[in-house]
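In what follows, a single structure is set out as structure tokens and then discussed.
The values are calculated or read from the model by the stated rules, or taken from the named source; none is laboratory data. What you are looking at is a predicted structure, and each value in this text was computed from that prediction instead of being measured. Glycine also receives a Cβ, built like all others from the backbone with ideal geometry; neighbour counts cover every protein chain displayed.
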Amino acid sequence: MSNDIADRTRKTAALYFDGVEDEKPFELWRSFDKELGKELSLFITGRMYAREKLPHKTRQLVTISALTVLSRPDELKLHVKAALNVGCSVEEIVETIFQTFTYGGIPTVNTALKVVRTVLQEKGLWPVDNSREQ
């Protein structure tokens with residue numbers, strides 16, 4: 001294993017998941033298979049998430065959109081936190097979710113918005129200021 005990949009994995013994991021108290025996928029994988037958990041983490045976090053082809057904010061908004069349409073609330077919660085960690089605004093996250101209703105339907109949007117609300121409540125950021133007219 002290259003130290004470069006391990007370093008990128010640690011750096012990217014810290015950027016995305018700093019302050020995340022919920023069980024992270026790496027911890028779940030490792031509890032079943034330590035070596036496979038490590039390999040998955042090195043690939044997903046060290047190779048995919050660490051790529052510089054997309055800015056981290058864009059990468060997280062794309063991830064949020066996919067997880068919303070697929071209705072994966074547990075993983076979505078993790079990535080809403082990661083999006084906030086890399087500098088996405090609440091408005092950007094919510095607008096990304098609203099944009100998916102055409103593809104995933106209103107039920108998936110509602111589920112995703114409930115996840116965002118939970119994260120914001122946990123961070124003391126709820127309720128949001130939505131007084132601006134669009």
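Worth a mention:
- With respect to (1) in contact with a His (Cβ under 9 Å, 6 or more places away or on another chain); (2) within 21 Å of E91 (Cα to Cα), the lone exception for D74 is condition (1).
- Single unsatisfied condition, R132 versus (1) modelled with pLDDT of 95 or more; (2) among the basic types (K, R); (3) farther than 23 Å from D7 by Cβ: (1)
- Test result for A82, under 15 Å from the mean Cα position of the chain (by Cα), closer than 29 Å to F101 by Cβ and not hydroxyl-bearing (S, T, Y): yes
- Subset of the range 60-101 that is touching a residue at least 40 places away in the same chain (Cβ under 8 Å) and not in a helix (DSSP H, G or I) - its residue that is surrounded by the most Cβ atoms within 10 Å (Cβ to Cβ): V86
- Members of the range 1-44 that are of a type in the set (D, E, K, R) and surrounded by 15 or more Cβ atoms within 10 Å (Cβ to Cβ): R8, K24, R30, K38
- Flag not set for K57, criterion: of a type outside the set (V, I, T), closer than 18 Å to P127 by Cα and part of a helix (DSSP H, G or I).
- Test: residue in the range 26-44 that is under 30 Å from D4 (Cβ atoms), touching a helix residue (DSSP H, G or I) at 6+ places or on another chain (Cβ under 7 Å), modelled with pLDDT under 95 and not β-branched (V, I, T): yes
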